[in-house]
Every structure is written in structure tokens, then in C-alpha cells.
Amino acid sequence: MARESKKARAARAAEIYELLSEEYPDAHCELSFENPFQLAVATILSAQTTDERVNMVTPALFARYPDALALAAARQDDVEEIIRSTGFFRNKAKSIIGFARGVVADHDGEVPASMTALAALPGVGRKTANVILGNAFGIAEGVVVDTHVTRLSTLLRFTSEETAEKIERDLTELFPRERWTMLSHLLIWQGRRVCIARRPRCEACAVSHLCPSSRV
């Protein structure tokens with residue numbers, strides 16, 4: 001695989017995508033949300049914790065603060081109490097309140113649907129913006145590169161880069177735009193269910209025969 005041509009890697013990547021699509025036909029963002037505002041807040045809260053944990057706290061959070069205007073006026077102590085179990089709750093409370101205030105001040109309370117506008121908001125980096133654009137607006141601006149996508153992209157030799165920005169660049173060059181959003185879901189689902197960091201289940205992997213890092 002070390003001398004794999006660009007054409008061969010693209011063909012292998014396409015086959016892996018198809019196999020993972022068959023394996024996970026229902027792959028989707030596992031954060032619970034009903035609108036772009038909710039997805040943005042949930043994504044910010046998901047740092048350093050699980051989607052399941054975020055989904056446990058967001059119903060109470062959104063019941064109290066149903067939109068950007070309400071969250072922008074929130075007291076940080078009140079928000080901290082609701083999201084405490086997600087970890088790093090002080091910084092996260094500051095981030096989501098700051099995000100809401102930015103949406104209210106700069107976008108009349110509506111979450112914007114562009115990478116430039118989203119990335120300029122407090123608490124939102126490129127990864128979060130890609131999550132919002134791809135899943136709330138159906139806009140494929142890039143590939144969400146989280147820890148699972150980083151790890152699996154390396155194991156599958158889709159990239160040899162180490163930074164999220166460069167990994168995303170390699171993935172967007174390797175896969176067509178219409179697959180960018182789903183690609184991240186497929187790699188994340190595979191990373192959570194089969195290619196687990198501490199105990200990869202290579203024997204149960206649908207793409208093991210195409211993976212240079214397979215143990216079987």
C-alpha cells in the first residue's frame with residue numbers, strides 16, 4: 001500500500017465507501033436536533049464528551065432556551081447547571097451563550113448558512129461549521145474531521161497528514177462532493193462500532209480486506 005497510486009487509492013476509497021454504506025444504511029448525525037440552532041449548540045457541547053451525554057442534557061436546555069434570543073439573555077450560572085455533566089461546562093456555557101449572542105447581533109437570531117459567517121461566531125470552528133452546514137442545511141462545504149475520522153482516515157491510508165485541515169483537504173480530493181457529509185457519518189459509525197481505538201474488531205470489519213492496517 002505504501003506505493004499505491006493515486007488512481008488505485010481512489011478506487012479503493014470508493015469501494016470502502018460503498019461497503020460502509022451497505023453496512024450502515026441509516027448512518028446519520030447522532031446528536032438530537034430539530035433546527036440549525038439546536039444542532040449548533042449540541043455540536044459545541046459535544047467536545048470531549050459523547051453524543052449520548054449531550055442528548056441527555058439538551059432537552060432541558062432547549063426547553064428553557066428555545067432559540068438564540070433566549071440563550072443570548074441567559075445567565076451563565078444557569079446554563080452551567082444544566083450542562084454540567086458534559087464536562088468543561090464553564091467554557092461550554094460561555095461558548096454557547098457567546099454563539100447565541102453572535103447569532104442575535106449579526107444575523108437577526110437566525111443561524112447563517114455559510115462557512116465564513118459560521119466560523120466567525122464564538123465557539124464555532126471549521127469542524128462545527130461543517131456539521132451545521134452538512135446536517136442542518138444540506139450544504140457540503142467540507143468533511144467533518146473529528147477524532148474518529150482522523151483515526152480511520154489514517155488507518156485506511158486515505159491520508160498521511162496529521163492536522164484536521166490537511167486531512168480534510170485530502171478527503172475532499174479523494175471523494176466527490178456529494179459524498180462528503182455522509183463520509184464523515186460512515187467513518188464515525190465505523191469508529192464507534194467496529195474500529196474501536198483500544199480494541200479494533202478487525203475480524204468483524206466489512207472493509208478489513210481493503211485496510212492496510214488490518215490485523216487479519
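The values are calculated or read from the model by the stated rules, or taken from the named source; none is laboratory data. Everything quoted here is computed from the prediction, not taken from an experiment. Cβ coordinates were reconstructed from backbone atoms using ideal geometry, including for glycine residues, and neighbour counts include every protein chain displayed. When the accessible area is computed, the model is the full protein with side chains, heavy atoms only, and any ligands, DNA or RNA have been set aside. Shrake-Rupley method; radii C 1.70, N 1.55, O 1.52, S 1.80 Å.
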Checklist line | Separation of alpha-carbon centers, region 102-149 and region 29-43, rounded to whole Å | finding: 11
Next item on the list: Evaluate the charge dipole of the chain about its Cα centre and quote only its size in Debye, nearest 20, assuming +1 on the Cβ of each Lys and Arg and -1 on the Cβ of each Asp and Glu.
Entry: 880
Checklist line | Summed side-chain charge close to Val124 - residues other than Val124 whose Cβ falls under 15 Å, Lys, Arg +1, Asp, Glu -1 | finding: +1
Check: Considering only the other residues whose Cβ falls under 14 Å of the Cβ of Tyr24, what net charge follows from Lys and Arg at +1 and Asp and Glu at -1?
Finding: -2
Checklist line | P(r) weight above 21 Å for region 1-117, C-alpha pairs, percent | finding: 49
Margin query: Only sites in a loop by DSSP and with at most 11 other Cβ atoms within 10 Å count here; which trypsin sites (Lys or Arg not before Pro) in region 1-76 make the cut?
Written below: Arg3, Arg75
Next item on the list: Take the Cα atoms of the chain, find their three principal axes, and give me the spread along each one in whole Å, biggest first.
Entry: 56, 32, 29
Item checked: C-alpha long axis of helix 180-193 to longest principal axis of the chain, angle in ° -> 80
Checklist line | Potential extension, Ala10-Ser114 segment - 0.36 nm per residue separation minus Cα distance | finding: 34.6 nm
Checklist line | Between helix 36-45 and the chain: long-axis angle, C-alpha atoms, 0 to 90°, nearest 10 | finding: 80
Check: Do the sum for the chain: with -39,500 (n - 2.57) for every DSSP H run of n ≥ 4, divided by all residues, what is the mean residue ellipticity at 222 nm, to the nearest 500 deg cm²/dmol?
Finding: -17500 deg cm²/dmol
Item checked: Partner lysines for Lys94 [C-alpha distance under 20 Å; skip if fewer than 8 residues away on the same chain] -> Lys127
Item checked: Heavy-atom surface of region 1-96, accessible at 1.4 Å and reported per residue (Å²) -> 55
Item checked: Selection of GluC sites (Glu not before Pro), region 1-98, meeting DSSP coil and at most 12 other Cβ within 10 Å -> Glu34
Note to self: Cut-off under 25 Å on the C-alpha distance; same-chain residues fewer than 8 positions from Lys6 excluded. Which lysines are left, in chain and number order?
What the structure shows: Lys166
